[in-house]
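Below is one structure, written out as structure tokens; comments come after it.
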Amino acid sequence: MTVHETWQQLADHALVPVVVLDDPAAALPLGQALVDGGLPVAEVTLRTPEALAGIRELAGYGGLLVGAGTVLTPQQVDLAVEAGARYVVSPGLSRAVVERCQAIGVPVLPGAVTATEVQAAVELGLEAVKFFPAATSGGPAAVSALAAPFAGMRFVPTGGIDAGNVADYLALPAVLAVGGSWMVPRAAIRAGDFARVRELTSQAVAATRGR
Ligand code: 3PG
């Protein structure tokens, strides 16, 4: 799959669940809850020692687009891709992370919230960035202002987004998809409450209809 095709898949789903996994055994029931909720996408953050094992489990689960989040180093790029991640997300714009992804042909979504950062992403040949942390970086108004000079750049706002404000971001043409953890609460995953994840996921998916 090309970079463009991968981003098109995210655009088709409009949402990217950002997952923190404390137990790889939760990966499969979580994947099932996301699929049942109508959102076969997961960005598993490398914030826990269990994340790579979780990516490995989810990558083997058919029909789920699995990415790795919170990727901070080229070494983590390799580990995540070896575990089966099909795209890489970074909270900031690291040239080393981006170049490693480009060298091995893996789509990368680095964080960018200023004109300088977005311009650096353009120079690196990227077509999409993560607008993170979205809420504290100016929210939808900032995404809109930033999109104006960078025609063609697409944004994935993430951070501080929930059911109450997701529509404000999805209304912007420059928004490729919106990321967030509100449909995959860490506490619910820890408690094994996958019915809750499924319910929140279907509600979130319903909120994207008509996009
Ligand atoms: C991320 O890593 O993308 C964020 O931590 C997700 O932000 P949220 O938990 O505020 O949705």
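Coordinate-derived values only; no laboratory data. Every value quoted in this text rests on a predicted model; they were computed, and no experiment measured them. Because the Cβ atoms are built from the backbone with ideal geometry, glycine has one as well, and the counts that use them run over all protein chains shown.
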Out of (1) away from the ligand (no atom under 16 Å from the Cβ); (2) part of a helix (DSSP H, G or I); (3) among the small types (Gly, Ala, Ser), what's the single condition that is false for GLY62? (2)
List pairs: first residue in segment 105-131 and hydroxyl-bearing (Ser, Thr, Tyr), second residue surrounded by 21 or more Cβ atoms within 10 Å (Cβ to Cβ) anywhere in the structure, Cβ distance under 9 angstrom, at least six positions apart or on different chains. THR114/LEU146
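For segment 122-166, give me each residue that is assigned to a loop (DSSP other than H, G, I, E, B) and within 10 Å of the ligand (Cβ to nearest atom). Break it down into steps so the answer makes sense when it comes.
Taking segment 122-166 and keeping what is assigned to a loop (DSSP other than H, G, I, E, B), we get 124-127, 132-134, 138, 148-153, 159-165.
Within segment 122-166, PHE132, PRO133, ALA134, GLY159, GLY160, ILE161, ASP162 qualify.
Counting only residues that are away from the ligand (no atom under 16 Å from the Cβ) and either small (Gly, Ala, Ser) or closer than 17 Å to VAL89 by Cβ (or both), how many does segment 6-39 have?
Start the filter on segment 6-39 by keeping residues that are away from the ligand (no atom under 16 Å from the Cβ), which leaves 6-9, 11-12, 23-29, 31-33, 35-38.
If we keep only those that are either small (Gly, Ala, Ser) or closer than 17 Å to VAL89 by Cβ (or both) too, we end up with 6-9, 11, 25-27, 31, 33, 37-38.
Result for segment 6-39: 12.
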If ALA14 satisfies all but one of (1) at positive phi; (2) exposed (fewer than 15 other Cβ atoms within 10 Å of the Cβ), what's the number of the condition it fails? (2)
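Buried (at least 24 other Cβ atoms within 10 Å of the Cβ), over 23 Å from GLN8 (Cβ atoms) and of a type outside the set (Asp, Glu): is that true of VAL113 in this structure? Can you show your working first?
Details: buried (at least 24 other Cβ atoms within 10 Å of the Cβ): yes; over 23 Å from GLN8 (Cβ atoms): yes; of a type outside the set (Asp, Glu): yes.
Against the criterion (buried (at least 24 other Cβ atoms within 10 Å of the Cβ), over 23 Å from GLN8 (Cβ atoms) and of a type outside the set (Asp, Glu)), VAL113 qualifies.
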